[in-house]
1. With (1) over 23 Å from residue 7 (Cβ atoms); (2) open to solvent by less than 50 Å² (accessible area, probe 1.4 Å); (3) without any contact (Cβ under 8 Å) to a residue 40 or more places away in the chain; (4) under 15 Å from the mean Cα position of the chain (by Cα) as the list, and residue 134 as the residue in question, which single condition is left unmet?
2. I need the full set of residues from the stretch 52-70 which are more than 12 Å from residue 13 (Cβ to Cβ) and either among the polar types (S, T, N, Q) or modelled with pLDDT of 95 or more (or both), in order please.
3. Which members of the stretch 38-57 meet the condition of being open to solvent by 20 Å² or more (accessible area, probe 1.4 Å), aliphatic (A, V, I, L, M) and at negative phi?
4. So, in the stretch 2-22, exactly how many residues are of a type in the set (A, V, I, L, M, F, W, C) and open to solvent by 40 Å² or more (accessible area, probe 1.4 Å)?
5. Of (1) open to solvent by less than 60 Å² (accessible area, probe 1.4 Å); (2) modelled with pLDDT of 95 or more; (3) not hydroxyl-bearing (Ser, Thr, Tyr), residue 30 satisfies all except one. Which?
6. Output yes when any residue across the stretch 73-94 is outside any strand (DSSP E or B) and within 17 Å of residue 11 (Cβ to Cβ), and no when none is.
7. Kindly list the number of the only condition in (1) surrounded by 15 or more Cβ atoms within 10 Å (Cβ to Cβ); (2) within 27 Å of residue 127 (Cβ to Cβ) that fails for residue 35.
8. Which residue, of 133, 120, is polar (S, T, N, Q), farther than 16 Å from residue 37 by Cα, assigned to a strand (DSSP E or B) and at pLDDT 95 or above?
Amino acid sequence: MTPDDLAALHAAAFTQSRPWSAEEFTALLASPHCFLVAQGQSFALGRAIAGEAELLTIATHPKARRQGLARACLSQFETAARARSAKSAFLEVAADNPAAIALYRAAGFTDAGQRKGYYTRPDGPAVDALILTKPLEQLA
C-alpha cells in the first residue's frame, strides 16, 4: 500500500475524526522504528522502540468490516512487534468506539489508563482515550 492508499483507506474508516494524510503516512513510514502490516482492505501501522510497541493506527474499509481483517492485522502487528524485540504493546482507542474496544480486549489487551478529552470531534465534545496494554513475551 502506498501512502496515498493508506490515507484514502484511513479517511474512509475514520469519519468522526481527522484522518491522516499521505504526507503523515510518508513521514511515519520513513522512520526505521515504524512498520506496516496489511490484509486486504485493512492495515495496521505500528512503532517499536526500546522493547515497547505502539499501535499507531488500524483501519478497515467500512465495506470490508466484520470479515476478520482487523483481527488479522492486529495479530500481524503483534508478530512484527515481537520480531522487533518488543516485550509489550500499547494503544489508545476512543472510549466511544465499542467495536474497536471489543477487538482489542478479545486479543488480550487490558486497561492501563485514560486520557481525558483526547479525541476531538467536529460535531460534539471531545472523547476520552482508553490506554490498553498487552504483554508480548511468550510465557515459559
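The values are calculated or read from the model by the stated rules, or taken from the named source; none is laboratory data. Being a predicted model, the structure only gives us computed values, none of them experimental. All Cβ positions, glycine included, derive from the backbone under ideal geometry; neighbour counts span all protein chains shown. To get the accessible areas, we keep the full protein, side chains included, count just its heavy atoms, and leave off ligands, DNA and RNA. Shrake-Rupley method; radii C 1.70, N 1.55, O 1.52, S 1.80 Å.
1. Every listed condition holds for residue 134 apart from (3).
2. 52, 53, 54, 55, 56, 67
3. Let us first name the residues in the stretch 38-57 that are open to solvent by 20 Å² or more (accessible area, probe 1.4 Å), namely 38-41, 47, 49-52, 54, 56.
If we keep only those that are aliphatic (A, V, I, L, M) too, we end up with 38, 49-50, 56.
Those that are open to solvent by 20 Å² or more (accessible area, probe 1.4 Å), aliphatic (A, V, I, L, M) and at negative phi: 38, 49, 56.
4. Applying the first criterion (of a type in the set (A, V, I, L, M, F, W, C)) to the stretch 2-22 yields 6-9, 11-14, 20, 22.
Then drop every residue that is not open to solvent by 40 Å² or more (accessible area, probe 1.4 Å), which leaves 8, 11, 14, 20.
Matching residues across the stretch 2-22 total 4.
5. The failed condition is (1).
6. So far as the stretch 73-94 goes, no, none of its residues is outside any strand (DSSP E or B) and within 17 Å of residue 11 (Cβ to Cβ).
7. (2)
8. Numbers: 120 fails: at pLDDT 95 or above.
Going through 133, 120 in turn, just one is polar (S, T, N, Q), farther than 16 Å from residue 37 by Cα, assigned to a strand (DSSP E or B) and at pLDDT 95 or above: 133.
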